[in-house]
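Below is one structure, written out as structure tokens, with a few remarks after it.
Just so it is clear, none of the values below were taken in a lab; they were calculated from the coordinates. Note that the structure is a prediction, hence the values are computed from the model and not measured. Please note: Cβ atoms are built from the backbone with ideal geometry, for glycine as well, and neighbour counts cover all protein chains shown.
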Amino acid sequence: MGLNRFSLAVVVMMMINAMLPLEGCLEEERIALLQIKTSMVDPNHMGFGSPLLSWGEDALCCNWAGVTCDSITGRVIVIFLYNARGWFIDPSKGVWDRNASMGDWYLNATMFLPFQELNILGLSNNDIAGCVPNEGFERLSRLTKLESLYLGLNNFNNSILSSFKGLSSLKHLYLESNQLKGSIDIKEFDSLSKLQELDLSRNEIQNLVTSTGSGGPSRLNKLETLDLSSNKINDSTLSFLEGLSSLKHLYLNNNQLKGSINMKEFDSLSMLVELRLGGNEIQNFATSTGFERSLRLNKLEILELSFNKINDSTLSFLEGLSSLKHLNLDNNQLKGSIDMKGLCELKQLQELDISYNDLNGLPSCLTNLNNLQVLDISFNNFSGNISLSRIGSLTSIRDLKLSDNHFQIPISLGPFFNLSNLKNLNGDHNEIYESTELVHNLIPRFQLQRLSLACHGFGGTFPKFLYYQHDLQFVDLSHIKIIGEFPSWLLQNNTKLEALYLVNSSLSGSLQLPNDSHVNLSRLDISRNHIQNQIPTKIGAYFPWLEFLNLSRNYFSGSIPSSISNMSSLGVLDLSNNGLSGNIPEQLVEGCLSLRGLVLSNNHLKGQFFWRSFNLAYLTDLILSGNQLTGILPNSLSNGSRLEALDVSLNNLSGKIPRWIGYMSSLQYLDLSENNLYGSLPSSFCSSRTMTEVYLSKNKLEGSLIGALDGCLSLNRLDLSHNYFGGGIPESIGSLLELSFLLLGYNNLEGKIPSQLCKLEKLSLIDLSHNHLFGHILPCLQPTSKWQRERETSLNPSGNSLGRENRGPQIVFPVPAVEDPSMNKSVEFTTKSISYSFKGIILKYISGIDLSCNNLTGEIPVELGNLSNIQVLNLSHNSLTGPIPPTFSNLKEIESLDLSYNNLNGEIPRQLLDLYFLSAFSVAHNNLSGKTPEMVAQFSTFNKSCYEGNPLLCGPPLARNCTRALPPSPLPRSQTHKKEENGVIDMEAFIVTFSVAYIMVLLTIGSVLYINPRWRRAWFYFIGESINNCYYFLVDNLPVPARFRRFQPCV
């Protein structure tokens, strides 16, 4: 009896022990794991994130990262060593990266032989280039339980394939993102008779062949998933598919398949459930007997054909796909009003995407799709009243996307009232109209969760159906003209509402808060309306979890409520372009610790810009321009290590630019213009090397620029105009290779224009006007607009990118929460004799040079005539000499050309008549001669003020007529020609008459002086005094010969 009890106790203990998980592992396996660690990396030099970091710290190896043991036997069954080498800091880039110095390494697969129970082996992302000779994966044939092998993200080449022949137990093989290239002999996988999944994606495979011809694999009859996506496969016959009778999932997307696909190659794939062919250049599908053969694909449920060139608008190739549930045909070349006879038989279809095509009509049989839940027809050319379409009959529809078409949609949404399953409706960028249908008293059957109707049009009052919605989470009715006030009732009825956008909706009245606090609302944008009065003082208490609040471009008045500081999650606050007054509440920078963007520009805010504490560690954009702030830039701003944009322009700030500005490690946009700042630029101004745009114009800054701009290597726009900077333009400006706008006008700069400016190939605008520069104009200046540079780049592309990467719409990223300050920044530039402010997209297209009001000398370089894309050229108010270059006729895009107030001579080139875009032209106050250009084309619009001040110039619109014109001569004039005519003065007659008159005057004077002695003495005394005066005048003024030159003051 006791023995039986003892035996029973032993059995129970053994059962309990078997049920408890084992944490240990076999000692031989533990030793083998440590050997793997030693062979893969240097234990003293492992990167961050390596799973090998924990190996050896715990005696129980089953607890090591990437190692899993069987809960009963304790044997290792999983070794997953993803990124075993870890990550390192790249000193040159300052970012995490792989340690390139470690290089590729070669695997000794025998290290894994001790693990006889191994089921999964993962070696992805380890820079493995191959295996040690005779120590490859063929040595793992003894691991009879190995089913999954992960070798992706390495550097294996084609030679690795032969080493898999002995792995007969393998079911899953992953070789994605390696260096497999060219043709792959699929016979290499024949021995893997149990293989179910094969991933060869993201390589450079061009084709799959067999050693005996084009026949398909013979023994992969259990393969269910084949991934060949993102390769370079160009064999449109797809003959390698033959024999894969068990295949269920086939991925051929993002390859180079072109033209017509012969669908008979899919005949053997009777089990196929998913087929992805997107991202190729397929135009159509065909078989010798028609696509009726596709009846063999009667189990296909997912067909993805996005981003191709399919132009068969009948979609007849869909016939026979009776089980199809998901069909993607977006981003193709489907056009016109299509007859989707193939589509209409898909009774099981649940999702249809035909967006980004050129379709304009839906088929009449659309109502047959009773199971359709998702329909996306956005970005096409569909038009007409949505009430007349058949979309309202799709009673199973859940997600409906109609955006970017030409539909007329009633704001009542009456046509969709019977769609009881409708949850998400996107009708952006269509036309909304006020409904006249009798639906005001009808209750819609749907309960929407997302409603996006950012359209244009007049909607009248808020639609009644909104009063019956209680599950709304997202609402966007922007740009619809709506009569009424802010709909606080919408917030009360929809407690789940997270985002409400009513931008530019013509709302008026006051901002009314709901009766209760709304804790789910995270985004509220009611900008660009006519809402007035004060911002509710308790707005922070009613919307405590707002992350985005935009009340800009309204008519709010009063002060900024301090309760906004209670919004602890607030990331963006935009109250710009209102009538707010008072001080900026210091609570904003103390309570809103998550604030990333603070925009308070163009209000009437006053007080000193001084914050004692600055805790906004996440602030990236601080825009306070256009107010009445005083004081200095507070040192507390230097704590904003993430600050990218600082704009305090158009205020009354004073003091010097602080040194810490140059050490802001993230600062890219700096605008301090139109204040009362003084002093010089700090030597550390660009120490961070991150600034791309700097605007300091219209202050009282002075000093030299030498050394101040060193380090500004990323600078794209520099505006230092309207200050008192002196000295020369630094030669180091040639290192600012990204510079596009250089505005240094209205300063006291001296010296020559540095030749280093010619290195700046991205320059668009150069303004050095109203300084004291001298010397010659650089012939190598070549400003080009950003648009022109991009156009030239597109016409001469570099690289070998695949065509599909440039087709279709680009990936759409979320719109930045804070509007880019660069888009609203005005740049002043003189054109057509008027100083204009340019901003926004126009700056991409403009290019020009303004060197006016300096002391430049010499002739105008003929090379300036090569600037065929320049719009503005102003060289006025200098001392330039010589003729106007005839090459100026090549300035085909020129709109404003000002050469006035110089010493130019010669005739005005007749070739300038070819400048058809010229709208402002002046050569006034020079020494030009000859006839003015004909009053034709653009020159017919120029009046006499454009030519005045040239005594030898004649012809309309001047009042001075040309008495004689140079007759055309078929023969060139010889050196013995006695007449020299210029169309104004007969030079021979002038010389003769002048000589006779001069001799007569001399004879008369001599006779009088000879006869009268008193006059003779007075005459000689006058001559002596004149000689003395001239001598002393020359002695006193000889070092300044410029005074003898003709000079016209610069006004």
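Results, tabulated for the structure shown:
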item: Long-range amide H partners of Gly930 with built H, under 5 Å; result: Cys954
item: Amide H contacts of Gly655 (H built 1.01 Å from N, under 5 Å, at least 5 apart or other chain); result: Tyr678
item: Hz values of 3J(HN,Hα) by residue in the range 108-114 - Karplus curve (6.51, -1.76, 1.60), Gly and Pro given as x; result: 9, 5, 5, 4, 9, 5, x
item: Highest to lowest packing among 414-422, 383-391, scored as the average C-beta count within 10 Å; result: 414-422, 383-391
item: Ascending count of other beta-carbon atoms within 10 Å, so fewest first, for Lys181, Lys264, Lys37; result: Lys181, Lys264, Lys37
item: Length released on extending from Tyr998 to Leu713, taking residue separation times 0.36 nm less the Cα-Cα span; result: 95.8 nm
item: Cα-projected label distance for Gln534 with Lys481, points at 7 Å along beta-carbon direction, nm; result: 3.3
item: Simple spin-label estimate for Gln408 and Leu113 in nanometres, 7 Å along Cα-Cβ; result: 8.2
item: Extended-chain gain in nm, criterion 0.36 nm per residue less alpha-carbon gap, Asn905 and Thr237; result: 233.1 nm
item: Förster-model FRET efficiency, 56 Å R0, Cys758 and Asn961, C-beta, rounded to 0.05; result: 0.80
item: Taking Trp55, Trp787 and counting other C-beta atoms within 10 Å, the order from fewest to most; result: Trp787, Trp55
item: Two-site FRET efficiency, Ser323 against Glu135, from Cβ-Cβ distance with R₀ of 60 Å, rounded to 0.05; result: 0.80
item: Length added when fully stretched, Ser39-Asn360, from 0.36 nm per residue minus Cα-Cα; result: 109.2 nm
item: Inter-probe distance in nm under a simple model that places probes 7 Å from Cα toward Cβ, at Phe1020 and Gln473; result: 11.6
item: From phi via Karplus (6.51, -1.76, 1.60), per-residue ³J(HN,Hα) for the range 455-467 in Hz, x at Gly/Pro; result: 10, 9, x, 9, x, x, 7, 4, x, 5, 4, 5, 5
item: Sites Tyr618 and Thr461 - FRET efficiency at Förster radius 41 Å, r taken between beta-carbons, to 0.05; result: 0.50
item: Relative frequency of Cα-Cα separations exceeding 20 Å in the range 497-636, percent; result: 43
item: Burial ranking of peptide ranges 693-702, 531-540 (average Cβ count within 10 Å, highest at the top); result: 693-702, 531-540
item: Whole-number Å³ per residue for the convex hull built on Cα positions in the range 653-745; result: 77
item: Whole-Hz couplings from phi, Karplus 6.51/-1.76/1.60, listed for the range 776-783; x for Gly and Pro; result: 9, 6, 5, x, 9, 5, 9, x
item: Anchor Lys844: lysines whose Cα lies under 25 Å away (excluding residues fewer than 8 positions away in-chain); result: Lys698, Lys759, Lys762, Lys786, Lys825, Lys832, Lys892
item: Under-5 Å amide H pairs with Leu402, H placed in peptide plane, nonlocal only; result: Asn426, Gly427, Asp428
item: Cα-derived Rg to Rh of the range 583-734, Kirkwood definition; result: 0.96
item: Ranked by how many other beta carbons lie within 10 Å on average, peptides 425-432, 503-510, 846-853 from highest; result: 846-853, 425-432, 503-510
